[in-house]
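Step one of this worksheet: look at the structure below.
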Amino acid sequence: MPIRSKSLIRSVAALTLVVGLGAGLTACGSGSPIDNIVGGAIDSSVEGLTGTVQQAVEDAAGEALGGAGITTDGTLPESFPAEVPLVEGTVRGGGAGPEGSGWVAQITVSGADRFTAAQQQLEQAGYTASGVDSDTDSGFGTFTGPAYRVVLTVSTDTDGVSTATYVVTPV
């Protein structure tokens, strides 16, 4: 295992420990000023560690994947192709392969029925559908355009959260 990966695992373990301790300390507090100060300090530490760990994950993934870029902050990689229309929703993040080899976008949508809307957007933009299958809980299809192939899935998890995932590769 590379040293960087061990460092990442240690950082994640430390974050987990801090979160666990923080939850335990704040849950046992009686609301006194000391408890509030300790809770606030723990919350600040957890936020700082979360940002550090998130950056470490993004850096490690970029290194491990030969320069691939991953976003987890609600944005898509700058290189994501504008020619691929995305369904309305909240962007969760995405990824970009090295040298334009491919992209991924994940969007939280209002329901699995948004697959139909996404399919229509792609077809209106000149993409040809194949292998399309959908029901009330999910949808899947491949869409080929002049420059890109898009594999689109929309599914709802056990918590009722629906996610559209676009995997885009050059034709």
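Table for the structure above
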| quantity | calculated |
| --- | --- |
| Cα gyration tensor shape for the stretch 107-167, rounded if a/c is under 1.5, else prolate or oblate | prolate |
| Separation of alpha-carbon centers, the stretch 144-167 and the stretch 114-133, rounded to whole Å | 11 Å |
| Rounded if a/c under 1.5, otherwise prolate or oblate - the stretch 69-170, Cα gyration tensor axes | oblate |
| Long-range HN-HN contacts of Tyr148 with modeled amide H, under 5 Å | Val171 |
| Whole-Hz ³J(HN,Hα) from phi, Karplus 6.51 cos²θ - 1.76 cosθ + 1.60, for the stretch 85-100, glycine and proline x | x, 10, 5, 5, x, 9, 5, 8, x, x, x, 9, x, x, 6, x |
| Amide H within-cut-off set for Arg92, under 5 Å, with H built and near neighbours excluded | Gln106, Ile107, Thr108 |
| Residues Val84, Val132 arranged by fewest to most Cβ contacts within 10 Å | Val132, Val84 |
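Readers should treat all values here as calculations from the given coordinates under stated rules, not as data from a laboratory. Not measured: the values here are computed from a predicted model. Backbone-built Cβ (ideal geometry, glycine too); neighbour counts: all protein chains shown.
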